[in-house]
Amino acid sequence: NAGTWVTASAHIITAVIGSGVLSLAWAIAQLGWVAGPATLIIFSLITLFTSTLLADAYRHPDPVTGQRNYTYMDAVRAHLGGLKVRFCGVAQYSNLVGVTVGYTITASISMEMVRGSKCFHGKDKCHASTTLDMVVFGCIQLILCQVPNFHNLSRLSILAAVMSLTYSLIGLGLSIVKVASAKLNEGGETRTTSATVSEAQRLWRIFQAIGDIAFAYAYSTVLIEIQDTLKSSPAENKTMKRASLVGISTTTIFYLLCGCVGYAAFGEDAPGDLLSGTGFNHPVWLLNVANVCVAIHLIGAYQVFAQPIFSFVETSCRQRWPEVKFVSTDHQITIPFLGGMSFHVNWFRVVWRSAYVAVTTVLAMVLPFFNVFLGLIGAVSFWPLTVYFPIEMYIARAKIPKFSVSWMCLQALSFVCLLISLIAAAGSVEGLVQSLKTYHPFKNEA
């Protein structure tokens, strides 16, 4: 392994700064000027703290010299064992599958925004569908998913991280321009008009906003896998802690800037996506650049979240059927006319990964509101993966006595985060119900 804190930070930024950063203005609008930024900062501190604990779980029993745990489940198995391993697996892999489907939907929307920019920005009227864009996105993933493992994705993650920072900066810049323009045209007051909503609706939106922010920091599902790409000197846990600090600090700064400035620009009418037709309308070329960056970023982010799924299934199958050559054997293929260049192909990997991409693409097509499910999955998995398991593994490793001050403080943090996950899940369920009420399965939606 040859990864460094730079490549690990790129993986983290790619995983954490999803296109959801563009919806943070909406989340801040639901929570307000005080509670919104405070919630962002609190979640960043919680995530940084638990990520530090999780980084020490990569090796067991000693965090520097112990035996490696190559996946999150391996770490839970080594430290805790029992039914908790299965609980971890269900939480982690359901989250990862949900993210890859959600990213297919989100990337296709950005691709359609570019293809149909005249429609979305008011020049022409037309009916657009994201189906073609989902197919294109799926075809790209069919190729990229044949990259053997995380160790070969560093360059893609760096590119994706640059793309995420680029479209975040564009959204931020357009928000600043809108705020400045509003102050000049309206005597220093920005737009704060709000649609009439009931108190019950406002409460559900607050719950959904908390869920959005909680999910925005949930990269623990791939932390161990990222750490496994690092070289062993300096110690992996030390490098990973540095990468977590850099990655989370960078994302928090962008979250605060994009969320707060976007809220200042749109007030309580902040759109769910700053770069969509309901957000900014001009300049069209800059919005197209931003949406291209979103699509490129999500191409890389899809792989960051899919690789642990690929690794888990392939490792399990090799262990279960070691004598089956279709599963365990790599075949060398030489490319003609390229100087004898060759590469290794595992046919099981080709078939299984291609099938996975095909299934996630079809799910995205038939369930275009699946991003609501994504919020639910994120809310449900935030507590166990980001908080519960890192704390429980730390308690087991450090042998902290029950009912000691340290034990009670850690359990209190875990309990509060459990309540937050339940509240966010309730908000996501309500949003799902509303989406189902308005869903027309035979109508194309952009």
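The values are calculated or read from the model by the stated rules, or taken from the named source; none is laboratory data. This one's a predicted model, so the numbers in the text were calculated from it and none came from an experiment. A quick note on method: Cβ atoms are made from the backbone with ideal geometry, for glycine too, and the neighbour counts reach across all protein chains shown. Surface accessibility is based on the protein's heavy atoms, side chains included, excluding ligands, DNA and RNA. Shrake-Rupley method; radii C 1.70, N 1.55, O 1.52, S 1.80 Å.
Which is open to solvent by 10 Å² or more (accessible area, probe 1.4 Å) and under 27 Å from LEU298 (Cα atoms), of GLN67, GLN30?
Of the residues listed, the single one that is open to solvent by 10 Å² or more (accessible area, probe 1.4 Å) and under 27 Å from LEU298 (Cα atoms) is GLN30.
Looking at SER23, SER108, which is the one that is under 26 Å from ALA161 (Cα atoms), out of contact with any strand residue (DSSP E or B) (no Cβ under 7 Å at 6 or more places or on another chain) and open to solvent by 10 Å² or more (accessible area, probe 1.4 Å)?
None of the other options fit; the residue is SER23.
Residues checked against (1) among the basic types (Lys, Arg); (2) crowded, with 23+ Cβ neighbours inside 10 Å; (3) modelled with pLDDT of 90 or more:
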site: SER198; (1), (2), (3): no, no, no
site: TYR219; (1), (2), (3): no, yes, no
site: LYS231; (1), (2), (3): yes, no, no
site: GLU236; (1), (2), (3): no, yes, yes
site: PHE254; (1), (2), (3): no, no, no
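Name the residue that is nearest to SER244 (Cα to Cα), counting only residues in the range 70-88 that are open to solvent by less than 30 Å² (accessible area, probe 1.4 Å) and in contact with a Gly (Cβ under 9 Å, 6 or more places away or on another chain).
The qualifying residue nearest to SER244 (Cα to Cα) is TYR72.
Residues of the range 92-105 being open to solvent by 10 Å² or more (accessible area, probe 1.4 Å) and of a type outside the set (S, T, N, Q), which ones?
Listed by number, the residues that qualify are TYR93, VAL97, TYR103.
Checking LEU53 against (1) open to solvent by less than 20 Å² (accessible area, probe 1.4 Å); (2) more than 16 Å from CYS417 (Cβ to Cβ): exactly one of these is not met. Which one?
(2)
Could you give me the residue pairs with C-beta distances under 6 Å whose first residue belongs to the range 381-399 and is without any contact (Cβ under 8 Å) to a residue 60 or more places away in the chain, whose second residue is open to solvent by 40 Å² or more (accessible area, probe 1.4 Å) wherever it lies, and which are 6+ apart or on separate chains?
TRP383/LEU418
Of everything in the range 247-291, what is β-branched (Val, Ile, Thr) and not in a helix (DSSP H, G or I)? Give them in sequence order.
THR278 - this is the single residue of the range 247-291 that is β-branched (Val, Ile, Thr) and not in a helix (DSSP H, G or I).
Looking only at the range 308-321, decide whether some residue is assigned to a loop (DSSP other than H, G, I, E, B) and either surrounded by fewer than 23 Cβ atoms within 10 Å (Cβ to Cβ) or modelled with pLDDT of 85 or more (or both).
yes
Which residues, counting only those in the range 81-126, are at pLDDT below 80, basic (Lys, Arg) and either touching a Phe, Trp or Tyr at 6+ places or on another chain (Cβ under 6 Å) or in a helix (DSSP H, G or I) (or both)?
Passing the criteria: only LYS118.
Matching residues to (1) open to solvent by 50 Å² or more (accessible area, probe 1.4 Å); (2) farther than 20 Å from VAL85 by Cβ; (3) modelled with pLDDT under 90:
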residue	(1), (2), (3)
TRP383	no, no, no
VAL416	yes, yes, no
GLY427	no, yes, yes
ALA446	yes, yes, yes
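Can we say ILE13 is under 30 Å from TRP204 (Cβ atoms), touching a residue at least 12 places away in the same chain (Cβ under 8 Å) and out of contact with any strand residue (DSSP E or B) (no Cβ under 7 Å at 6 or more places or on another chain)?
no
Restricting the search to the range 130-170, which residues are surrounded by 18 or more Cβ atoms within 10 Å (Cβ to Cβ) and in contact with an Asp or Glu (Cβ under 9 Å, 6 or more places away or on another chain)?
Result: THR130, ASP133, PHE150.
Counting just the residues of the range 257-307 that are of a type in the set (S, T, N, Q) and at pLDDT 85 or above, which one comes out surrounded by the most Cβ atoms within 10 Å (Cβ to Cβ)?
My answer is ASN291.
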